[in-house]
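The values are calculated or read from the model by the stated rules, or taken from the named source; none is laboratory data. All values derive from a computational prediction rather than experimental measurement. So basically every Cβ, Gly included, is an ideal-geometry build from the backbone, and we count neighbours across all protein chains shown.
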Amino acid sequence: MNPKALTFDYFGTLVDVDRGGTAGMAELMRMLSVESRDSAFDVYLDWDIRNVRLYRSQAYARYRDVAQQALIACLDARWPGVRNGHSIDKLTEVFLTHLVEASPAHADAEPFLDWASARYPLMPITNMDSDLWRRTQLTRYFEHVTTAEMARAYKPSQAIFALALERLAQKPADVLHCSLASWADIDGAKPLGMPVAWINRGADTLGTWQPRPDFEFDTLAPLRGVLEGLSFTATGESK
């Protein structure tokens, strides 16, 4: 294997989406005057689970719309009536603004992207609407992105990976996909023939029947050494 391009899951792999999402939920709880023994992180996680279940269990709908459905379900289940007198569109916008704009880069992400962007075409493959993607913190590293909105499909659907490969004009075997989310990205990319580096930041375990990644690291940093080694083997000189 000697990759000609790198693709990435964005939220979680490159940025700490839990921090942005927790900040967004904390702001909603403040706006709604909610007092709860549950932390903002716990409520955010409840929303996140509902959100993923929704977009994986129905025909394609925009991320913003699915996120709003999940937010309604989360708030109504925890605090019936708390939304009375509040615009759900405004609540959704406040939450998503934090989710996409306040999710900071992981410490290893920018050093890796600084190195990789000088050597490979880079592209995120993200379960996000295109306009929301443009509001994130690391867009400067990427000339192109493939979003669920473009593919009208969410990972792990092969449709979104196939569109990314088409836009990169590369064969699956020539594109290394880097991701934190095993269910979305290993399960989606491997059957298409893409090698995968699993960035297992949370020391998670794979399910018995899941495909295995080609590489597993707890951060992006060790991947540079692997890529330099592959490049040296293929060309006789390091990139």
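Can you find, within the range 11-52, the residue that is surrounded by the fewest Cβ atoms within 10 Å (Cβ to Cβ) among those that are of a type in the set (D, E, K, R) and touching a residue at least 12 places away in the same chain (Cβ under 8 Å)? Checking each candidate, the answer is 38. Any residue in the range 126-136 that is assigned to a strand (DSSP E or B), modelled with pLDDT of 95 or more and closer than 30 Å to residue 30 by Cα? Yes, because at least one residue in the range 126-136 is assigned to a strand (DSSP E or B), modelled with pLDDT of 95 or more and closer than 30 Å to residue 30 by Cα. Residue 114 falls short on exactly one of the conditions (1) closer than 30 Å to residue 32 by Cα; (2) surrounded by fewer than 17 Cβ atoms within 10 Å (Cβ to Cβ), and that condition is (1). From the list 123, 150, 128, the lone residue that is in contact with a His (Cβ under 6 Å, 6 or more places away or on another chain) and in the same structural domain as residue 9 (by TED's automatic domain parsing) is 123. Of the strands (runs of 3 or more DSSP E) lying entirely inside the range 164-239, the ones with 1 or more residues being among the aliphatic types (A, V, I, L, M) and either at pLDDT 95 or above or buried (at least 18 other Cβ atoms within 10 Å of the Cβ) (or both) are found at 175-179, 196-199.
Does the range 66-88 contain at least one residue that is of a type in the set (D, E, K, R), farther than 22 Å from residue 216 by Cβ, part of a helix (DSSP H, G or I) and under 21 Å from the mean Cα position of the chain (by Cα)? Walk me through it before giving the result.
Let us first name the residues in the range 66-88 that are of a type in the set (D, E, K, R), namely 76, 78, 83.
Among the residues that remain, those that are also farther than 22 Å from residue 216 by Cβ are: 76, 78, 83.
Next, from what is left, pick out any that are part of a helix (DSSP H, G or I): 76, 78.
Those still in the list that are under 21 Å from the mean Cα position of the chain (by Cα) too: none.
No, every residue in the range 66-88 fails to be of a type in the set (D, E, K, R), farther than 22 Å from residue 216 by Cβ, part of a helix (DSSP H, G or I) and under 21 Å from the mean Cα position of the chain (by Cα).
Within the range 137-150, the set of residues being assigned to a helix (DSSP H, G or I) and closer than 20 Å to residue 110 by Cα comprises 139, 140, 141. Of the listed requirements (1) closer than 30 Å to residue 226 by Cα; (2) under 18 Å from the mean Cα position of the chain (by Cα); (3) surrounded by 15 or more Cβ atoms within 10 Å (Cβ to Cβ), residue 55 misses just one: (1).
Screening the candidates 93, 35 for the property of being at pLDDT below 95, over 30 Å from residue 120 (Cβ atoms) and not hydroxyl-bearing (Ser, Thr, Tyr) yields one hit, 35.
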